[in-house]
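Since every read-out is calculated from the coordinates, none of them should be taken as a lab result. Predicted model, so just to flag it, every value in this text is computed and none were measured. Glycine gets a Cβ as well: all are built from the backbone with ideal geometry, and neighbour counts include every protein chain shown.
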Amino acid sequence: MHKKEEENKSEENKPKTNVMSSVGIIKKIDDLPELKEILIEIFETKTHVAISNYSIKYAYHILEITGLEEFDLFEECIEINRLWQQKKVNFQAARQVAFKANRAAKEEKNPLKVKLLRVLGQVAATPHVRRHSLIASDYGITLINLMYPKDMKAVENERLYQIQLMKEVE
């Protein structure tokens, strides 16, 4: 057996893992895992472009929740995602904007804006790896946790919103 065939065989024998298992999960989050699993199941049926659309729409939703105004970096994260969809930039350009948003989050003092910037970093990174949209969704839940501590009904409402949005995007 050739080396390549052996590699393919070993890949086939590896156990299937959850789509989030290879992504650094947010450690402190009050969540409803059963709703997150539904979101992931729908996510797995979507194209990369549909997932990118989800992340853009979700960023606007999070902006609305925070009550903050749009700002230059918000627009830059949205725009880089749109430009990638139009094949006008590559994913490396999107990653650079994502790094910029993550650096801004580390320096930000307003906790609501920190969460928004974390979402935006994931939105900008979605062209690079589509799973970043799921991490953006998790950061959205951490925002809900911050705004409504221990309110699992608020978490449920946010996950249901995410599920509906994921179903609708194309």
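About the Cα centre of the chain, what is the dipole size in debye to 20, counting +1 per Lys and Arg Cβ and -1 per Asp and Glu Cβ, all else neutral? Before the final figure, lay out each step's value.
Values: 27 positive and 26 negative charges, 99 e Å.
Here the chain has a charge dipole of around 480 debye.
Give me Rg/Rg_expected for segment 89-143, where Rg uses Cα atoms only and Rg_expected = 2.2 N^0.38 Å with N residues. Intermediate results must be reported in sequence, preceding the final value.
On the way: Rg = 10.7 Å, N = 55, 2.2 N^0.38 = 10.1 Å.
Cα Rg divided by the expected 2.2 N^0.38 Å: 1.06.
How long, wide and thick is the chain, going by the Cα atoms along their three principal axes, in whole angstroms, largest first?
60, 38, 31
Report the residue, chosen from Q86, Q96, Q122, that carries the largest GNM mean-square fluctuation when the chain is represented by alpha-carbon nodes joined by springs under 10 Å.
Among Q86, Q96, Q122, the largest mean-square fluctuation in the Gaussian network model of the chain belongs to Q86.
Given +1 on the Cβ of Lys and Arg, -1 on the Cβ of Asp and Glu, and no further charges, what dipole in debye does segment 25-75 carry about its Cα centre, rounded to the nearest 20? Before the final figure, lay out each step's value.
On the way: 5 positive and 11 negative charges, 39 e Å.
Around 180 debye, computed over segment 25-75.
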